[in-house]
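Report on one structure; see the data block that follows.
The values are calculated or read from the model by the stated rules, or taken from the named source; none is laboratory data. As the structure is a prediction and not an experimental result, all values here were calculated from the model. Every residue, glycine among them, receives a Cβ derived from its backbone with ideal geometry; neighbour counts consider all protein chains shown.
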């Protein structure tokens with residue numbers, strides 16, 4: 001897939017509104033992917049979670065604490081398409 005994230009907005013209860021370079025957008029429940037441990041532990045705090053941003057060089061969602069989310073996984077969640085494993089058919 002390799003679609004870059006171009007917009008992200010934090011929503012209540014650890015949800016994100018995400019838009020991709022091809023115009024696809026939707027809402028993702030981050031609880032489904034993050035256990036809020038390790039690098040993700042600071043994101044339990046709504047204030048820290050709200051500081052989400054797009055890394056324009058990588059096209060991914062990231063936070064100041066160093067946590068980031070794979071754009072392929074987010075795209076697959078929003079579109080209902082399976083995650084593509086690169087190099088495999």
_For the stretch 10-33, give me each residue that is more than 14 Å from residue 76 (Cα to Cα), touching a residue at least 24 places away in the same chain (Cβ under 8 Å) and within 10 Å of the chain's Cα centre (by Cα)._
16
*Could you grab me the full set of residues in the stretch 41-60 that are surrounded by 13 or more Cβ atoms within 10 Å (Cβ to Cβ) and either modelled with pLDDT under 95 or touching a helix residue (DSSP H, G or I) at 6+ places or on another chain (Cβ under 7 Å) (or both)?*
42, 43, 48, 49, 59, 60
*Would you confirm whether any residue within the stretch 23-32 is outside any loop (DSSP other than H, G, I, E, B), in contact with a helix residue (DSSP H, G or I) (Cβ under 9 Å, 6 or more places away or on another chain) and over 21 Å from residue 6 (Cα atoms)?*
yes
*Residue by residue through the stretch 16-40, note down the ones that are more than 13 Å from residue 67 (Cβ to Cβ) and surrounded by fewer than 16 Cβ atoms within 10 Å (Cβ to Cβ).*
17, 21, 22, 23, 24, 25, 26, 27, 29, 31, 32
_Looking only at the stretch 1-11, and only at residues there that are modelled with pLDDT of 95 or more and in contact with a helix residue (DSSP H, G or I) (Cβ under 8 Å, 6 or more places away or on another chain), the one that is surrounded by the most Cβ atoms within 10 Å (Cβ to Cβ)_ = 5
